[in-house]
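Comments concern the structure below.
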Amino acid sequence: MLPAAERERLFPHLELVALTAGEVLYESRVRFEHVYFPTDCIVSLLYLMEDGASAEIAVVGNEGLVGIALFMGGDTTPSRAVVRSAGYAYRLPGKLLQQEFARSGPVQHLLLRYTQALLTQMAQTQACSRHHTIDQQFCRWLLLSLDRLPSSKMKMTQDEIANLLGVRREGVTVAAGRLQKAGLIEYARGRITVLDRAGLEKQSCECYQVVKREFDRLLPDVMAT
């Protein structure tokens, strides 16, 4: 989506890096130096409680970047960024992105549109966790993941899913069992395969579609790839 001049300034500084599941890209309230553009991995943005509990507030994949605080006026954030699904990302020094953002050109415009879409995802995630069932939350979570993965398969234990959703493991076990019985997913030994995406969308609450429509509206060329 970037014009040629912006690509020529930024692309030579991109570094392709391999990211492993569980790798921490930045910690809460710790200054970080790079932004990451995932290609085929997924990164979870998590909020941590004092007692060690955590909940996922947003997920980032090949539609966006990790590290918006660097160009939004702050060098740290209360959230934590953890690689949920292994893969690759392009890493860029944050100072270069800050300089490009300060030009008030196409890069700034695109980053602000992405930030608006990400804030919508964060807000909808919190509303979903407050008002919808675990089954619906699980479907939303699966669909958002599918949109950002190159296949319909992912590796994730029930404990990990429970931590991301901020619910009890038993609730995830029951929800996964229902979806598997309905023929929507296959789940065994920490591996999930989505068998019926359309069925998942019917089982999900409106939260997934709200987020998807906003990303499609603000970043149509990105979400179409």
### Query
About the Cα centre of the chain, what is the dipole size in debye to 20, counting +1 per Lys and Arg Cβ and -1 per Asp and Glu Cβ, all else neutral?
280 debye
### Message
For a quick check, take a GNM of the chain with Cα springs below 10 Å and name the residue from 85, 129, 104 with the largest mean-square fluctuation.
### Response
104
### Message
To check my understanding: the extent here is largest minus smallest coordinate of the Cα atoms along each principal axis. What are those three numbers for the chain, in Å, largest first?
### Response
53, 38, 31
### Summary
Asserting the computed 222 nm helical MRE of the chain (DSSP H runs at least 4 long, -39500 (n - 2.57) per run, divided by residue count, to nearest 500) equals -13500 deg cm²/dmol
### Task
Note the direction-averaged projected area, equal to a quarter of the hull surface, for the Cα convex hull of region 94-225, in nm².
9.1 nm²
### Task
Towards the positive end of the charge dipole of the chain, with charges on Cβ (+1 Lys, Arg; -1 Asp, Glu), say which of 138, 106, 53 has the farthest Cα.
138
### Task
Write down the Å³ per residue value for the convex hull defined by the alpha carbon atoms of region 4-105.
96 Å³
### Query
Given H placed on each backbone N at 1.01 Å, which residues far from residue 58 in sequence or on other chains put an amide H within less than 5 Å of it?
45
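Can you pull out the GluC sites (Glu not before Pro) in region 1-60 whose DSSP state is coil and whose Cβ has at most 11 other Cβ atoms within 10 Å? Each step should come with its number before you reach the end.
Details: sites: 6, 8, 15, 23, 27, 33, 50, 56; in loops: 23, 27, 33, 50.
Answer in residue order: 50.
Counting only other residues whose beta carbon sits under 10 Å from that of residue 208, what net charge do I get with K and R as +1, D and E as -1? Don't jump to the answer; show the numbers that get you there.
Details: positive: 140, 212, 213; negative: 147, 201, 206.
Once all neighbours under 10 Å are counted, the net charge is 0.
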### Message
Take residue 126 and residue 28, extend 7 Å from each Cα along the Cα→Cβ direction, and tell me the distance between the two endpoints in nm.
### Response
1.5 nm
### Task
With a point put 7 Å past each Cα toward its Cβ, work out how far residue 48 is from residue 115 in nm, to one decimal.
2.5 nm
### Message
If I take R0 = 22 Å and measure r between the Cβ atoms of residue 195 and residue 155 in this structure, what FRET efficiency does the formula 1/(1 + (r/R0)^6) give, to the nearest 0.05?
### Response
0.85
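None of the figures in this text is laboratory data; all of them are computed from the coordinates on show. A quick note: this is a predicted structure, and the numbers were derived from the prediction, not measured. So basically every Cβ, Gly included, is an ideal-geometry build from the backbone, and we count neighbours across all protein chains shown.
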